[in-house]
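Everything on this sheet refers to the single structure shown next.
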Amino acid sequence: MRATRLLRARIDAPVIPEARVLLALLRGAPMAAAPADLQPSVFVDLARRHQLDALAGAALRTTRAQALRVQLGDEAVEALHRSRLHHLVRNESLARNLADIAAAFVRVGVPMLVLKGPWLAFHAYGDPGTRPVGDIDLLVDERDYLPALTALHAVGYTETAPLPDTGAAALRRAHYAEQLRFTGIGRRPLELHFRLVNIGPPGAREDWVWSSSRPFVRAGLRLRVPGPEAMLLHLLIHANQHGFAVARLLFDVRFALAKSGHEVDAARLSSRLAALGCGPSAYHGLLLARDLAGAAVPAAWMQRLRPPALRRRLFSALWSLDRVRRLDGPHRPLSLEAPRFLLCELGTAAQKLRYVRGVVDEAGGAAALLTRALRLMRARNSRAPSPAPAGPAHAVPSGTKR
């Protein structure tokens, strides 16, 4: 009974004033007087933990936020402003990094697509200082795996773990075990992907993603990025892979729609989602992006994707959407959240079974997989910070990509 009461209390907990004010600020809503009990330190911490601090720093510079700036005080406002400047400088270095990578791939004759972050930061958000980019995600065909490695090594990248010898083995590693990651001195961390959905049994090559890709040019930087439907699908799946627990992922959807939503073919998007079996996931991602981030989602899309009432209730319970709406969504490591997303939301029963078998086989058997899981849990517990003495219980999980 006591556990039930505690759970009920958590579900019924009110939205803290800092969350209400932060979302109103970032949605561009008219700014009413902030609550008298607004705590500047909690406001800043909440913005940081949802990776919205740089965006908040820019929003506070507007005239409509003048009263809020006064209430937050110089220290909080300056902290958020510094965050925007920090990411502005980092993203300028990111552009140089991408230019080097693009040139290296041209030299080896390998096409590549750059996923989400750079296009969002340099194009969709409008102000490159407002969208943090933690690492670079490159999409390549597994048949180009070996020359892609040559290109990455040529610009100073080194793999963080021993690499598979063939493209087929690399595809299997990425989908059943772990992503192929690279680092380098003065280089942004990088991951190599072979499918838009980079988990679970890899399907056929995604020719539609490549054929619908579009050029992206910025001050001499020439890249190709996914087309409107592929980009939006990728962002919606990414948000669910992180349990919707990082609000910045919902703002990614908002800004992507604002920039190229008019180019999205709703029927084509719906068809792709149906093929993946993740229509309910996309529906709730759009719903949260609309309600929390202020995304302009066409009503016709919501009507087309709307699942039955029982499915909506199940999804809401499974992903704790009541807490997500309070900016208090439960944070879980991506190594657990992504498989949970796949097993609950993607594909057919046969594909889920193939995934489980593939994970066990790639790990070297069930015993090896269990040993690895226990080791990861012990390592995570040893890194867990002490509980905060006050404020909302949020924590961005280690490994969360910005």
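The values are calculated or read from the model by the stated rules, or taken from the named source; none is laboratory data. In this text, all values refer to a predicted model and were calculated from it rather than measured experimentally. Ideal geometry is used to build each Cβ from the backbone, glycine not excepted, and the neighbour counts take in all protein chains shown.
Please tell me if L343 is modelled with pLDDT of 95 or more and part of a helix (DSSP H, G or I). Spelling it out, it is not the case that L343 is modelled with pLDDT of 95 or more and part of a helix (DSSP H, G or I). Each residue in region 169-228 was checked for being of a type in the set (D, E) and within 19 Å of the chain's Cα centre (by Cα), and 2 pass. Applying the criterion of being buried (at least 17 other Cβ atoms within 10 Å of the Cβ) and among the small types (G, A, S) to the residues of region 336-360, the residue that is nearest to A239 (Cα to Cα) is A338. Before we move on, is A121 modelled with pLDDT of 95 or more and either within 30 Å of A295 (Cβ to Cβ) or surrounded by 17 or more Cβ atoms within 10 Å (Cβ to Cβ) (or both)? Yes: the conditions hold for A121. Highlighted here are the helices (runs of 4 or more DSSP H) found entirely within region 138-253 that include at least 2 residues which are hydroxyl-bearing (S, T, Y): 145-154. Mind checking whether some residue in region 318-327 is in a loop (DSSP other than H, G, I, E, B), in contact (Cβ under 8 Å) with a residue 24 or more places away in the chain and among the small types (G, A, S)? Yes - at least one qualifying residue is present in region 318-327.
Would you check which residues across region 156-177 are in contact (Cβ under 8 Å) with a residue 40 or more places away in the chain and of a type outside the set (G, A, S) and list them? Don't jump to the end; show me each part of the working.
Quick first cut of region 156-177, residues in contact (Cβ under 8 Å) with a residue 40 or more places away in the chain only: 172-173, 175-177.
Answer for region 156-177, where residues must be in contact (Cβ under 8 Å) with a residue 40 or more places away in the chain and of a type outside the set (G, A, S): R172, R173, H175, Y176.
To keep it simple, each residue is scored yes or no on (1) crowded, with 21+ Cβ neighbours inside 10 Å; (2) at pLDDT 95 or above.
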{"position": "R205", "(1), (2)": "no, no"}
{"position": "A230", "(1), (2)": "yes, yes"}
{"position": "H242", "(1), (2)": "yes, no"}
{"position": "R248", "(1), (2)": "yes, yes"}
{"position": "K259", "(1), (2)": "no, yes"}
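The rows are residues; the columns are (1) touching an Asp or Glu at 6+ places or on another chain (Cβ under 6 Å); (2) among the aliphatic types (A, V, I, L, M).
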{"residue": "V140", "(1), (2)": "no, yes"}
{"residue": "D144", "(1), (2)": "no, no"}
{"residue": "T166", "(1), (2)": "no, no"}
{"residue": "A174", "(1), (2)": "no, yes"}
{"residue": "A177", "(1), (2)": "yes, yes"}
{"residue": "T183", "(1), (2)": "no, no"}
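Looking at region 31-90 only, could you name the residues that are part of a loop (DSSP other than H, G, I, E, B) and aliphatic (A, V, I, L, M)?
First pass over region 31-90, keeping only residues part of a loop (DSSP other than H, G, I, E, B): 31-39, 50-52, 60-62, 73.
M31, A32, A33, A34, A36, L38, L52, L60 - these are the residues of region 31-90 that are part of a loop (DSSP other than H, G, I, E, B) and aliphatic (A, V, I, L, M).
Residues in region 133-144 that are more than 15 Å from A102 (Cα to Cα) and in contact with a helix residue (DSSP H, G or I) (Cβ under 6 Å, 6 or more places away or on another chain): V133, E142, R143.
Within region 8-21, if we keep just the residues that are charged (D, E, K, R) and surrounded by fewer than 22 Cβ atoms within 10 Å (Cβ to Cβ), the residue that is modelled with the highest pLDDT turns out to be R20.
If you go through region 296-307 and pick out every residue that is assigned to a loop (DSSP other than H, G, I, E, B), over 20 Å from the mean Cα position of the chain (by Cα) and within 15 Å of L269 (Cβ to Cβ), you end up with 2.
Within region 90-102, the presence of at least one residue that is of a type in the set (S, T, Y) and surrounded by fewer than 20 Cβ atoms within 10 Å (Cβ to Cβ) is confirmed. Here W119 passes the criteria (1) without any contact (Cβ under 8 Å) to a residue 60 or more places away in the chain; (2) not in a strand (DSSP E or B) except the one numbered (1). None of L310, L318, L276, L314 is among the aliphatic types (A, V, I, L, M) and either buried (at least 16 other Cβ atoms within 10 Å of the Cβ) or under 18 Å from the mean Cα position of the chain (by Cα) (or both) except L276.
In region 22-53, of all residues being hydrophobic (A, V, I, L, M, F, W, C) and under 15 Å from D328 (Cβ atoms), the one that is surrounded by the fewest Cβ atoms within 10 Å (Cβ to Cβ) corresponds to V42.
In region 103-117, how many residues are within 23 Å of the chain's Cα centre (by Cα) and at pLDDT 95 or above?
Here the count works out to 4.
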